[in-house]
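Everything on this sheet refers to the single structure shown next.
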Amino acid sequence: MVRPRTKANQNPQEADLANVVAILQRQLQEQQQETNQLREQIARMNQVPLVVPQVPPVAAQVPVPEVQQEIPRDAEVPIAPVGIQVNPPLVWEDLLYKQFRRMKAPEFEGPTDPIAADNWLIDIQVILDFMRLTEQEKVLCASFTLKKDARHWWMTVQMRRDVMAMS
């Protein structure tokens, strides 16, 4: 007859493994609670109506050609003559976003497959290195590609850490 194992005659490695599993289960439950809280916050934020200011009509608009060259981050913005409305100047983030989107960066939804995550990271790094971005700009651009579960995870990270200090 085989005697069932009890905690008293359990292997120390098995006891350590059981402790690790219990800790991981608690952490998973906490993350699920945080995810649910974030989803509730997003749902509440989506219920608040967006107020869009009304812009008065203007006499004439002068089209601004799309810029094809790289614009320095500290470039001066030209001032339009009085009485003529021009399109608002593109700020650096707008140009950065447009350039990044042209690169057709892959989106990441947060699969549990580590190979898929690693492939996404490699693809993003190639694009970001090619664009010669600062570390902060890399974080900003990479965060644009996060969707679904990955976006929820990123929102949690943003609430807990200073993402502009990340690289």
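What trypsin sites (Lys or Arg not before Pro) in segment 105-167 are in a loop by DSSP, with at most 16 other Cβ atoms within 10 Å of the Cβ? Show your work: numbers first, answer last.
Values: sites: R132, K138, K147, K148, R151, R160, R161; in loops: R132, K147, R161.
Counting only loop positions with at most 16 other Cβ atoms within 10 Å, the trypsin sites (Lys or Arg not before Pro) in segment 105-167 are R132, K147, R161.
Considering only the other residues whose Cβ falls under 14 Å of the Cβ of I23, what net charge follows from Lys and Arg at +1 and Asp and Glu at -1?
On the way: positive: R26; negative: D16, E30.
Here the count lands on -1.
Quick note: the coordinates plus some simple rules give every number you see, no bench work behind them. All of these numbers come straight from a predicted model, not from anything done at the bench. Glycine gets a Cβ as well: all are built from the backbone with ideal geometry, and neighbour counts include every protein chain shown.
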